[in-house]
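Notes follow the structure.
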Amino acid sequence: MVIGFRRIITLSVLLFVTGVLGIVFNRKNVIATLMAIEIMLLAVNLMLISSSLFLDDFIGQLFALFIITVAAAESAIGLAILIRYARVNNTISIDNICLLKG
């Protein structure tokens, strides 16, 4: 059981690092940045659920449910902002993102 838990921790850390690297190395594409954030939230959910199962406690699963709700709201709001930005500038590049101020 401990060996499987260590593998899940390793997978969760790798997913989280992949999301961080996706944000750090991809500054031009908004969709890829949103996907990297979703991968990071998925890694946190995996860690919470696996630790909840390992510790035989449901609190981690409850927090994972809240994180899923926040991730859905973040995706909806992020895509709405992206659509608005694409209509104004005819592109989804992050270079001139400050044009949406005001």
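Some notes on this structure:
- Selection from the stretch 8-32 of residues that are surrounded by fewer than 18 Cβ atoms within 10 Å (Cβ to Cβ) and touching a residue at least 40 places away in the same chain (Cβ under 8 Å): 8, 9, 27, 28, 29, 31
- Boolean, residue 74 is at pLDDT below 90, in a helix (DSSP H, G or I) and among the charged types (D, E, K, R): yes
- Test: residue in the stretch 22-42 that is of a type in the set (Asp, Glu), modelled with pLDDT of 90 or more, under 13 Å from the mean Cα position of the chain (by Cα) and in a helix (DSSP H, G or I): yes
The values are calculated or read from the model by the stated rules, or taken from the named source; none is laboratory data. Quick caveat: nothing in here was measured; it's all calculated off a predicted structure. FYI the Cβ positions are ideal-geometry reconstructions off the backbone, even for glycines, and counts take in every protein chain you see.
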